Amino acid sequence: MDSITLVYWALAALMVLLALRVPVAAALGLVAIVGMYLLVGERATWGVMRSVPHAFAAHWSLSAIPMFLFMGYVCFAAGLTDGMFRVARAWLNFLPGGLAISSVGGAALFSSVTGSSVACAAAMGKIAVPAMLDRGYDAKLAVGTIAAAGTMGSLIPPSTILLLYAVFAEVPVSQLFIGAIIPGLLTALMYGLMILLRVKHNPALAPREAEVDWRERIHSLADTWPLFLLVVTVFGGIFAGLFSATEAGAIGALASIVIGFAKRTLSWHALKDAAFETIRSTSAIFLIAVAAALLTRLFAFAGFPDYVQGLIGNDMSPLLIIIAVSLIYLVLGMFLDPIGVMLLTLPVLLPIFETADISLIYAGVMITKYLEIGLITPPVGLNVFVIKNVVADRVSISDVFRGVGWFLLADVVTVAILIAFPATVLWLPGLISG
């Protein structure tokens, strides 16, 4: 059996294992180890298993992941994120569908400290969905809004997916974070605009909210200024080049603890729970990432990236490559975990991007956007099931999927803009790097 045929068999075995609901890390690792054993023998396989996990896990940039996760968990445990929805509601409720648009705004703000789409959807779902349903909002609009808005946690910095991509692609984390700002804001804008147009066309979807005066709007900022200060300090420092992403995460985590204790909203018990949640999340992410690194080594031994480049050839334009990649991620995102999808495909796609002279910063942001869409596409839209768990029997799972349909259309428009105008991703990194 030649090496390329072996890779095809390995990929087929991987799909079977994933279809059988074997955990992503276990499936990736098992296929990689067995494939290397068959390809290069026992001694070389043991050598890779000894060196690759340590070399990958010891990568300095990865230390930003637990730091940002810890910052997000501490902010949530200390109640520092509670006022996000109230602020967005106070300032946006004058719009048609104001409560739904406020939920999008609140999710965007919440995403700036979480780095996780699932955490964002779960937290905002507990706050915003009951508020909308109690005020007579259409159920599909209410649940669809939060399921879709929660996906912004994958794109708006700090993003775990962007951090992992930066390590695999060997690009600066700060450049990726900066490049994701405009696409993240554009996503929020498109969601809000879609809600606005739908409610103007059909006012029965969302009753008008009571007017909020300027005094109440200013007062709503009182409970959130520490979080705004935290976000500005952390990301302002990254963008100004004052400290690295890891240092920013550590500073943010420490600052969130200090603010929580100063406001007397954070207890030692809650801090311990936040630490354990960080450990669990980080462990799960690292297991998948290490397994993917082993699979990358199998592909390298087999010469699979060069083989794929030979199939594609040099005649395929960057535009066609980006469109083809979008289709690959949208299909895989329907069935698989976002991090698993990204780490499974990067070993093959990164050499193609480099050969086609596609910016790895641009590719990383686009891939993250595609993975974001996969979180709400049937049949396995993870955020959809998170929201269903939050609302229990108040809304059916079919209504949640129908609710996100309009947001998928908004995402299509967003992706079209990002493809047509790459400067939406590359302008800010180029401006700041000079």
Angle between the chain longest axis and helix 397-420 axis [Cα atoms, degrees, rounded to 10]: 70
What ³J(HN,Hα) values, in whole Hz, does the Karplus curve 6.51 cos²θ - 1.76 cosθ + 1.60 give for segment 94-110 when θ = phi - 60°, with x put for Gly and Pro? 6, 7, x, x, x, 5, 5, 5, 4, 5, 5, x, x, 5, 4, 5, 4
Rolling a 1.4 angstrom probe over the protein heavy atoms, how many square angstrom per residue are accessible across segment 259-417? 44
Sorted peptide list for 105-114, 381-390, 62-71, criterion being average Cβ within 10 angstrom, highest first: 105-114, 62-71, 381-390
Could you size up the charge dipole of segment 1-160 around its Cα centre, putting +1 on the beta carbon of Lys and Arg and -1 on that of Asp and Glu, and report it in debye to the nearest 20? 220
Going by average Cβ density within 10 Å per residue, which order do the peptides 166-178, 129-141, 198-210 take, highest to lowest? 166-178, 129-141, 198-210
Name the lysines eligible as straight-distance cross-link partners of residue 388: C-alpha to C-alpha under 29 Å, and not fewer than 8 places from it in the same chain. 126, 140, 200, 272, 369
Which percent of the accessible heavy-atom area of segment 225-314 goes to carbon and sulfur, probe 1.4 angstrom? 69
Using the Karplus equation 6.51 cos²θ - 1.76 cosθ + 1.60 (θ = phi - 60°), what ³J(HN,Hα) coupling, rounded to whole Hz, does each residue of segment 48-65 give in order, writing x for Gly and Pro? 5, 5, 6, 8, 5, x, 5, 4, 6, 5, 7, 5, 4, 4, 5, 5, 5, 5
Most positive-pole-ward Cα, 316, 415, 430, against dipole of segment 293-434 from beta carbon charges: 415
Could you size up the charge dipole of the chain around its Cα centre, putting +1 on the beta carbon of Lys and Arg and -1 on that of Asp and Glu, and report it in debye to the nearest 20? 840
Listed residue (295, 341, 271) projecting farthest to the positive dipole end of segment 261-368, Cβ model: 271
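The values are calculated or read from the model by the stated rules, or taken from the named source; none is laboratory data. These figures come from a predicted structure and were not determined experimentally. Quick reminder, even Gly has a Cβ in these numbers, built from the backbone with ideal geometry, and neighbours come from all protein chains shown. Side chains are part of the model used for accessible areas, which takes the heavy atoms of the whole protein and leaves out ligands, DNA and RNA. Shrake-Rupley method; radii C 1.70, N 1.55, O 1.52, S 1.80 Å.
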